[in-house]
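The structure appears right after this line, and notes come after that.
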Amino acid sequence: MRSRRNVAFVLAMLASGCARPIPEPVGGRPGVPRVGWVIMSGDSDNPDRDFVCQSSPRSECVVPVDRPGARVLSHLHVYYHPASTETKYTGSIRIGFFDQPHEINPSITVKPGESPGNQSVSDFVSMKPGTYPLSIAVVATPTQAGQTQNIRDQVNVIVK
């Protein structure tokens, strides 16, 4: 039974790329590096069952609190959009609304015209209601000579 649940979880993770469209970069000059994100929630069978919020268009991020009898798994998808030149994204993304805080460290290179690079992480949501940060501190560096760009975003995720 446990292996069947693990297989279902892996299949849900693989299929999750189709669960929600990639957020389009909005504003600013075309060809400039951008980081987009989507937060989903659900349960251990499908952490992408319910849309919570995304980077664009921006809306309030409210995730259900995790409870012993009603476990809530959340899934953060991060997208590194192509720029006008090949760009390497590095830095950190700190996720505070999970039961245990997480940090992901991108090291992703995206070429112009490619699909966005992506990372995702899922875990159970905090059992403590409150407001938690999602902090993005990424540096976009052209692989050829060029100026780096700092990409910063702070998202308040409400767990209730």
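The values are calculated or read from the model by the stated rules, or taken from the named source; none is laboratory data. Everything numeric here is computed off the predicted structure, so don't read it as measured data. Please note: Cβ atoms are built from the backbone with ideal geometry, for glycine as well, and neighbour counts cover all protein chains shown. Side chains included, ligands, DNA and RNA excluded: accessible areas come from the protein's heavy atoms. Shrake-Rupley method; radii C 1.70, N 1.55, O 1.52, S 1.80 Å.
Assorted remarks:
- Restricting THR85, THR109 to residues that are among the hydroxyl-bearing types (Ser, Thr, Tyr), under 13 Å from VAL35 (Cα atoms) and open to solvent by 50 Å² or more (accessible area, probe 1.4 Å) narrows the list to THR109.
- Search result, residues across the stretch 130-160 that are within 13 Å of ILE39 (Cβ to Cβ), in contact with a Lys or Arg (Cβ under 9 Å, 6 or more places away or on another chain) and not β-branched (Val, Ile, Thr): PRO133, LEU134
- Positions within the stretch 150-160 being open to solvent by 50 Å² or more (accessible area, probe 1.4 Å) and of a type outside the set (Lys, Arg), in sequence order: ASN150, GLN154, ASN156
- For the stretch 112-149, the candidate set comprises residues that are part of a strand (DSSP E or B), among the polar types (S, T, N, Q) and under 16 Å from the mean Cα position of the chain (by Cα); within that set, the residue that is surrounded by the most Cβ atoms within 10 Å (Cβ to Cβ) is SER122.
- Boolean, ASP66 is in contact with a strand residue (DSSP E or B) (Cβ under 7 Å, 6 or more places away or on another chain) and more than 27 Å from LYS111 (Cβ to Cβ): yes
- Residue check for ASP99: open to solvent by less than 50 Å² (accessible area, probe 1.4 Å) and charged (D, E, K, R): no
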